[in-house]
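J.: Pasting a structure here, questions to come.
The values are calculated or read from the model by the stated rules, or taken from the named source; none is laboratory data. If you're wondering where the values come from, they're calculated on a predicted model, not measured in any experiment. Cβ atoms come from the backbone with ideal geometry, glycine included; neighbour counts cover every protein chain shown. These area figures cover heavy atoms from the full protein model, side chains too; ligands, DNA and RNA do not enter into them. Shrake-Rupley method; radii C 1.70, N 1.55, O 1.52, S 1.80 Å.
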Amino acid sequence: AGAGAAASARPFPPGFLFGAATAAYQIEGAAHRDGRTDSIWDAFCRVPGAVINGDSGETACEHYDRYRDDVALMKDLGLQTYRFSSSWARVRPDGGAVNPLGVDFYSRLTDELLGAGIRPWLTLYHWDLPQALEEDGGWTNRDTAYRFRDYALSMHDALGDRVPVWTTLNEPWCSSFLSYTAGAHAPGRQSAELGLAAAHHLLLAHGLAIEALRERDAALELGITLNLTVAKPVDPASAGDLDAARRIDAQFNRVFLDPVFRGSYPEDFLEDVTGLGLEKYVKDGDLAQIAQPIDSLGVNYYHGEFVSDRPAAHPLVGDAPTTRQTRSPFPAADGVFNHPQGLPLTAMDWEVQPDGLRELLVEVEAEYSGPARVKLYVTENGAAYDDTVADDGTVPDPERTAFLREHLGAVLDAIDDGVDVHGYFYWSLLDNFEWAWGYEKRFGIVRVDYETQQRTVKQSGLEYRRIIAARALGAA
Ligand code: GBH
């Protein structure tokens with residue numbers, strides 16, 4: 001005893017939560033059942049060339065019908081918590097009156113999770129705006145923020161007594177800049193001004209919902225999830241590269257972190273976007289509304305960026321797999337280029353960079369979550385690989401297994417550096433509808449056969465189960 005693997009095992013702190021994450025449109029299917037209406041993603045999937053193979057979330061993983069089995073699978077993996085999202089168009093079809101059948105699905109799912117001893121973590125918005133609201137301008141329309149608050153309250157009416165953790169938005173950067181500026185995601189609009197308007201209204205929606213939920217119940221754990229990156233200059237001695245990194249940090253990270261934690265947009269960001277129209281949308285009092293105190297911050301981390309003002313073969317966004325023309329999501333980063341560093345790539349062509357997660361957690365804790373006494377979680381981290389099924393039916397995915405272990409190691413490194421990280425959610429529990437990439441990219445620790453809907457726990461899922469059971473990262 002005390003030798004070998006046991007001696008080198010790195011324990012996670014008591015109370016650290018292990019989970020996995022999904023999102024409604026990516027797994028539920030049943031897109032037009034029980035009163036659900038179109039979201040912007042249902043509509044976007046019908047745009048020729050917008051999504052690979054013309055795929056859509058119409059059927060997805062049939063989680064709407066198979067949620068009981070899926071919860072049993074989570075229990076078998078030993079997950080302590082499960083992060084899922086609700087579909088606004090299911091709960092309030094067309095953004096209108098509450099649909100009891102839609103709400104009931106989330107109520108049954110919650111009961112099933114609680115019955116399995118798994119802590120439910122609800123995200124209210126993971127990109128699927130009711131299409132009817134988009135027809136009134138979507139997130140470029142200020143009214144959508146107030147509609148979001150009403151939707152949040154209707155979810156609270158149904159689940160407030162059973163769901164302890166509430167996240168307003170998942171990755172507002174994607175629902176604004178990737179969706180209204182790059183046009184790579186629904187609704188596929190392409191304007192710097194519209195992206196800025198959407199970002200501001202999403203932030204306002206967050207602040208309005210936090211205030212309303214807090215008023216209902218001071219004991220809820222309330223927060224937001226942001227996709228953050230570590231932007232590094234290719235050459236730290238180059239003023240041009242340093243400014244490129246500053247711009248990306250501002251337009252990716254601080255544009256959301258500063259309003260939420262400090263009640264202001266960063267000065268340098270405002271300078272970068274001068275003349276693009278943001279001020280038309282920002283009303284007196286908005287930033288105070290946005291900066292409502294929160295309890296938790298979710299960080300989604302996939303990879304960092306190495307940037308320069310020197311042109312590179314790589315465009316800034318590798319997120320445009322389709323035949324539709326897309327643009328840079330950054331409203332004011334013309335002349336900034338991504339320089340891949342030759343690191344191993346996932347199937348998304350994202351460079352594997354685990355230490356970036358440690359660096360990011362250290363920085364966010366020092367600058368934002370620490371001073372605000374806000375609990376920090378990794379709410380998404382994961383990788384797509386081209387898995388194959390072995391003859392014996394197992395799914396060996398050594399690269400994903402290594403990815404998982406390395407990133408959990410980076411979380412432990414951050415904890416060693418003094419960061420109070422409260423939990424980790426692997427993205428994703430299941431292979432699922434990967435947005436513009438359709439079903440071509442598989443992120444799951446559980447494989448989904450889309451012909452039979454059969455679920456198979458991959459080798460990475462078995463490894464995650466061992467890590468959770470040991471509450472430690474043992475030797476590989
Ligand atoms: C998450 O988004 C989503 O929350 C989830 O639904 C999705 O399935 C999962 O990731 C996997 O994609 O630096 O300009 O090249 C992550 C989205 C991916 C957005 C990387 C930024 C790089 C943009 N992020 N992307 S750029």
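J.: Somewhere in the range 199-219, is a residue farther than 21 Å from residue 142 by Cβ and touching a strand residue (DSSP E or B) at 6+ places or on another chain (Cβ under 7 Å)?
T.: Yes: the range 199-219 contains one or more residues that are farther than 21 Å from residue 142 by Cβ and touching a strand residue (DSSP E or B) at 6+ places or on another chain (Cβ under 7 Å).
J.: Under 30 Å from residue 278 (Cβ atoms), of a type in the set (A, V, I, L, M) and more than 16 Å from the ligand (Cβ to nearest atom): does that describe residue 72?
T.: It is false that residue 72 is under 30 Å from residue 278 (Cβ atoms), of a type in the set (A, V, I, L, M) and more than 16 Å from the ligand (Cβ to nearest atom).
J.: Separate question: Among the strands (runs of 3 or more DSSP E) contained in the range 378-462, which hold 2 or more residues that are open to solvent by less than 20 Å² (accessible area, probe 1.4 Å) and within 12 Å of the ligand (Cβ to nearest atom)?
T.: Because the criterion is at least 2 residues that are open to solvent by less than 20 Å² (accessible area, probe 1.4 Å) and within 12 Å of the ligand (Cβ to nearest atom), the strands (runs of 3 or more DSSP E) in the range 378-462 that meet it are 421-427.
J.: Hey, could you check the range 60-74 for residues that are without any contact (Cβ under 8 Å) to a residue 60 or more places away in the chain and crowded, with 16+ Cβ neighbours inside 10 Å and say which is farthest from residue 178 (Cα to Cα)?
T.: By that ranking, first place goes to 71.
J.: Can we say residue 5 is over 19 Å from residue 438 (Cβ atoms) and modelled with pLDDT under 95?
T.: In short, yes.
J.: Note down all Cβ pairs under 8 Å where the first residue falls in the range 419-439 and is over 29 Å from residue 12 (Cβ atoms), the second is of a type in the set (Ser, Thr, Tyr) and within 10 Å of the ligand (Cβ to nearest atom), and they're at least six residues apart or on different chains.
T.: What qualifies is 433/25.
J.: A follow-up question, please. Can you report the number of residues in the range 148-174 which are in a loop (DSSP other than H, G, I, E, B) and open to solvent by 50 Å² or more (accessible area, probe 1.4 Å)?
T.: The number of residues fulfilling the criteria is 2.
J.: Within the range 282-306, how many residues are out of contact with any Asp or Glu (no Cβ under 9 Å at 6 or more places or on another chain), more than 22 Å from residue 366 (Cβ to Cβ) and open to solvent by 10 Å² or more (accessible area, probe 1.4 Å)?
T.: 6
J.: Can you name every residue in the range 357-377 that is among the hydrophobic types (A, V, I, L, M, F, W, C), assigned to a helix (DSSP H, G or I) and touching a residue at least 24 places away in the same chain (Cβ under 8 Å)?
T.: If the condition is that a residue be among the hydrophobic types (A, V, I, L, M, F, W, C), assigned to a helix (DSSP H, G or I) and touching a residue at least 24 places away in the same chain (Cβ under 8 Å), then 357, 360, 361, 362, 364 are the ones that fit.
J.: Then there's this: Is it the case that residue 139 is farther than 23 Å from residue 51 by Cβ, aromatic (Phe, Trp, Tyr) and crowded, with 23+ Cβ neighbours inside 10 Å?
T.: For residue 139, the condition - farther than 23 Å from residue 51 by Cβ, aromatic (Phe, Trp, Tyr) and crowded, with 23+ Cβ neighbours inside 10 Å - is not met.
J.: Another one. Looking only at the range 34-68, count every residue that is in contact with a helix residue (DSSP H, G or I) (Cβ under 9 Å, 6 or more places away or on another chain) and either in a helix (DSSP H, G or I) or under 21 Å from residue 117 (Cα atoms) (or both) and tell me the total.
T.: 12
J.: Hey, can you tell me all the residues within the range 252-280 that are more than 24 Å from the chain's Cα centre (by Cα) and open to solvent by less than 40 Å² (accessible area, probe 1.4 Å)?
T.: 268, 272, 273, 277, 278 - these are the residues of the range 252-280 that are more than 24 Å from the chain's Cα centre (by Cα) and open to solvent by less than 40 Å² (accessible area, probe 1.4 Å).
J.: Sticking with this one: I'm checking my understanding of the structure. Among residues of the range 230-244 that are among the charged types (D, E, K, R) and part of a helix (DSSP H, G or I), which one is least open to solvent (accessible area, probe 1.4 Å)?
T.: Here the residue is 241.
J.: Report whether or not residue 404 is among the hydrophobic types (A, V, I, L, M, F, W, C), at negative phi and in contact with a Leu (Cβ under 9 Å, 6 or more places away or on another chain).
T.: Against the criterion (among the hydrophobic types (A, V, I, L, M, F, W, C), at negative phi and in contact with a Leu (Cβ under 9 Å, 6 or more places away or on another chain)), residue 404 does not qualify.
J.: Consider residue 184 against the criteria (1) outside any helix (DSSP H, G or I); (2) at pLDDT 95 or above: it satisfies all of them except one. Which criterion is unmet?
T.: Checking residue 184 against (1) outside any helix (DSSP H, G or I); (2) at pLDDT 95 or above, the one that fails is (2).
J.: Conditions first: (1) modelled with pLDDT of 95 or more; (2) open to solvent by less than 10 Å² (accessible area, probe 1.4 Å); (3) closer than 22 Å to residue 57 by Cβ; (4) not in a strand (DSSP E or B). Residue 124 passes all but one, so which condition is the exception?
T.: (4)
J.: Do any residues in the range 216-229 that are within 15 Å of residue 425 (Cα to Cα) and open to solvent by 10 Å² or more (accessible area, probe 1.4 Å) have Cβ atoms under 6 Å from those of residues that are within 16 Å of the ligand (Cβ to nearest atom) and assigned to a loop (DSSP other than H, G, I, E, B), where the two are at least six apart or on different chains, and which pairs are they?
T.: 227/171
J.: Out of 132, 89, 145, which single residue is under 24 Å from residue 189 (Cβ atoms), open to solvent by 10 Å² or more (accessible area, probe 1.4 Å) and in a helix (DSSP H, G or I)?
T.: Going through 132, 89, 145 in turn, just one is under 24 Å from residue 189 (Cβ atoms), open to solvent by 10 Å² or more (accessible area, probe 1.4 Å) and in a helix (DSSP H, G or I): 132.
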